[in-house]
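The values are calculated or read from the model by the stated rules, or taken from the named source; none is laboratory data. Values in this document were obtained by computation on a predicted structure and should not be read as measured data. Note that we place each Cβ from the backbone using ideal geometry, even for glycine, and neighbour counts take in every protein chain shown.
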Amino acid sequence: MKRSIIALSALLSVNALFADEETPSAFMGYSLISMPTTKQLDTKTLDVRINHRFGQAKSTSLDFFGFDNGANTQFSADYGFTEKLTLGIARTSEFKTYEARAKYSILTEGKFPFSLSFYGVAGQETTICD
């Protein structure tokens, strides 16, 4: 049984490598929930976003599912310089954080459904503590 599964996996992998058509991207957008995906912006494309996160919902009756708590907002702009490189900047209201970020595609999906990207962020909190 184990040998059958290994043989079937190997056969499917080899078939995927030599297929004529490219595999569609696993992700529809550049972020999934609040995390970046491996999908890149198109060349010379600017992506401006306003993200809004509510507070924690500790009880349904007291804080209305987190809507009554303070919100955390982020303004961001990302630009696709090449097919493989996207650079961006952002500002988050919590701790008044500024950040610079970069995403570089090392491997992209082609005939084999696997992508690998490097995503790096450098941030600076600017809140003055009392």
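Restricting the range 110-129 to residues that are in contact with an Asp or Glu (Cβ under 7 Å, 6 or more places away or on another chain) and in contact (Cβ under 8 Å) with a residue 60 or more places away in the chain, the residue that is nearest to residue 40 (Cα to Cα) is 115. Only strands (runs of 3 or more DSSP E) whose full extent lies in the range 5-98 are considered here, and the ones with at least 1 residues that are acidic (Asp, Glu), closer than 20 Å to residue 118 by Cβ and at pLDDT 75 or above are 45-53, 72-80.
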